[in-house]
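Notes to accompany the following structure.
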Amino acid sequence: DLLILTKALKDVMTYQVLGFTAIAPQSEAILLNKETMDELTSRFKRVIVNFDNDPLGELSMRRYNETYGLEYFSVPEIKKVKDVSDYCKFYKEEVKQFIKEQIESKE
């Protein structure tokens with residue numbers, strides 16, 4: 001039902017361990033083409049974007065939202081944390097609950 005579009009393979013693996021389906025395009029700076037997005041949105045009820053919480057990641061998430069209407073969220077801005085794999089590394093107990101809250105708040 002849910003696909004998370006994230007930045008890198010390490011984030012895909014983190015999401016997999018946490019029980020979520022995720023993929024990563026070759027770069028967060030380039031939008032997936034319309035045909036690919038149409039295929040993904042036909043296969044999943046929801047596609048949510050979660051890139052790094054840096055300026056490029058924030059810009060890219062907004063571009064996906066403006067272009068394809070996709071929901072997005074960032075991990076909290078905490079020292080040494082820029083993506084979901086960092087968040088899991090330093091805050092293992094909190095990360096799954098945080099992600100669930102972000103997904104539920106977008107419904």
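The values are calculated or read from the model by the stated rules, or taken from the named source; none is laboratory data. Remember, predicted model here, so these are calculated numbers, not experimental data. Here Cβ is always computed from backbone atoms with ideal geometry, including for glycine, and neighbour counts include all displayed protein chains. Side chains are part of the model used for accessible areas, which takes the heavy atoms of the whole protein and leaves out ligands, DNA and RNA. Shrake-Rupley method; radii C 1.70, N 1.55, O 1.52, S 1.80 Å.
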Checklist entry - Measuring from label point to label point, each 7 Å out along Cα→Cβ, what is the GLU104 to GLU77 span in nm? => result 2.6
Item to check | Under 20 Å from LYS10, Cα to Cα: aspartates and glutamates that are on another chain or at least 8 residues apart | outcome: GLU28, ASP52, ASP54, GLU58, GLU77, ASP83, ASP86, GLU93, GLU94
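Could you sort out which of LYS80/LYS100; LYS45/LYS96; LYS34/LYS79; LYS34/LYS80 sit more than 29 Å apart by Cα distance in this structure?
LYS34/LYS79; LYS34/LYS80, as the Cα separations exceed 29 Å there.
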Item to check | On Cα atoms only, tilt of 9-18 relative to the major axis of the chain in degrees | outcome: 70
Checklist outcome for this item: Over the chain, with neighbouring protein chains present, the accessible area per residue in Å² at probe 1.4 Å is 59
Checklist entry - How much of the DSSP beta bridge set in the chain is antiparallel, as a percent to the nearest 5? => result 10
Next on the checklist: Quick check: at a probe of 1.4 Å, how many percent of the accessible area of the range 17-107 sits on carbon and sulfur atoms?
Outcome noted: 49
Item to check | Mean Cβ count within 10 Å, highest first, over the residues of peptides 41-48, 13-20 | outcome: 13-20, 41-48
